[in-house]
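Quick notes on the structure that follows.
The values are calculated or read from the model by the stated rules, or taken from the named source; none is laboratory data. Since we're looking at a predicted model, the values are computed, not measured. With ideal geometry, Cβ positions are generated from the backbone for all residues, glycine too; neighbour counts draw on all protein chains shown. Side chains are part of the model used for accessible areas, which takes the heavy atoms of the whole protein and leaves out ligands, DNA and RNA. Shrake-Rupley method; radii C 1.70, N 1.55, O 1.52, S 1.80 Å.
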Amino acid sequence: EWLVSNQAGDKIIYIIAFFTIMSLLIVFLTKKMKVPIVVGYVFLGILLSVDLIHRLPFLTKEAKEWYSFTVESFDYISHLALGFIAFTIGSELSIRLLKKLGKSITYITIIQALGAFFVVAVAVYFLGYPIYMALLLGAIATATAPAATVMVLQEYRAEGLITSMILAVVAIDDALALIIFSLVEPIALIQFSGDSTLSLSQIIFLPVYEIFGSIFIGLILGYFSQKVVVKIDDKTRKVLTLLATILGGTAFSIMFHLSPLITNMAIGFAYRNFARKNPGIAESMDTITIPLYALFFIIAGTEIRFDGILSASFLTLAGVYFLTRIVGKIGGSWLGAFIAQAPEKVRKYVGLGLLPQSGVAIALAYTVQKDFVSAPSVGKLIFNILLLTAALTEVVGPLATKYAITKAGESRIIGEKTM
């Protein structure tokens, strides 16, 4: 009754309509400036962040409170967008491609993740922070957000070895990041609390359940869904079947504490590798995801919080995290490609497509806040670092990805020049 009487639904529509109209203006502006659209979306989100909106003198207190409430209730958009993004990544992973690039993918994925973990953890520790803080930030640093990278590759219609390698690595990287974090966080909790008891379920059973349970459910859903889709020609039924599968997989994963990202990645993998003919869903996917991705990146930008992030100590820690993670990702990718004897352009450019960090990393920061409930300052510090640096990587990352694919000659946009 309270929501109805206060016209909550109308206000949500107002804000979504405003975001959508502004996203259209961003598309025109970024095309003219020749920068990735996702950069414009994130910048727009930062300009529309709750902190900045609250500083506008011409808005009433009630309007500001409603804006905050509405924007912070948009978590479901992130879940939906990440589900479609994960499906897209999985649908790019053919077994044939993995066999062809298997050794390179394995070395690059493992070494770049471990590189980010160790470089960040060591740097944070030598800044004078406790070992548990270094371990947590190191573990979170391993995660790579696929959304911005995938969107840039789609926008520039990238195709080729570097594109395939980037997609393969980001597809596997988040699963690896979940494993590393699941192993490291219990150790950090013990270091923080001084408790020497280490739960075997925390270290082994829960990560195994989440990762392999998600893969199993995703493959089952994807297998039966693609069998239905390839047999029907009606576009309406194709689209609804696809939507039901992705949204159903997301809901099921959340309900049973699995990973929606890994589940939908496995669904996409099943579509790519089990279908006997082209399921004919590419055009429908583009139509569905364009507005969803726009809202996702704008909302990601609005999550930045300016209160408490302007102190010298915070900016130093955030800057060290941001720079050392980049060093670990790019350096680890180069080393992995070198060990695997991958082509020179793989060594030079793959790491540049692994810089964005948002969805999974922010989710891990939420986990820290929940598990370190007895020390809210720890969770708040890590969460603020992730929000600030994620916003930066969502700007720097797409530009680096664009640079990599244009230098490698894999952009299919005619007349596109290297930045």
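At a glance:
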item	result
All helices (runs of 4 or more DSSP H) inside region 35-95 with 1 or more residues being touching a residue at least 24 places away in the same chain (Cβ under 8 Å) and among the small types (Gly, Ala, Ser)	37-47, 75-91
Region 21-51 - residue that is open to solvent by 60 Å² or more (accessible area, probe 1.4 Å) and at pLDDT 85 or above and, of those, nearest to Ala400 (Cα to Cα)	Leu29
One residue from Val368, Val360 being open to solvent by less than 30 Å² (accessible area, probe 1.4 Å), out of contact with any strand residue (DSSP E or B) (no Cβ under 9 Å at 6 or more places or on another chain), under 23 Å from Ile110 (Cβ atoms) and not hydroxyl-bearing (Ser, Thr, Tyr)	Val360
Candidate set: region 124-150, residues that are without any contact (Cβ under 8 Å) to a residue 60 or more places away in the chain and surrounded by 18 or more Cβ atoms within 10 Å (Cβ to Cβ); chosen: the one farthest from Val368 (Cα to Cα)	Thr142
Residue in region 172-184 that is farthest from Ala365 (Cα to Cα), counting only those that are under 12 Å from the mean Cα position of the chain (by Cα) and modelled with pLDDT of 75 or more	Asp173
Some residue of region 270-277 being touching a helix residue (DSSP H, G or I) at 6+ places or on another chain (Cβ under 9 Å), closer than 30 Å to Phe224 by Cβ and among the polar types (S, T, N, Q)	yes
Pair list, Cβ under 7 Å, 6 or more apart: region 283-301 residue more than 16 Å from Leu25 (Cβ to Cβ), other residue outside any helix (DSSP H, G or I)	Ile299/Phe74; Ala300/Ser358
Among the residues listed as Thr236, Thr241, Thr245, the single one being of a type in the set (Ser, Thr, Tyr), open to solvent by 30 Å² or more (accessible area, probe 1.4 Å) and modelled with pLDDT of 90 or more	Thr241
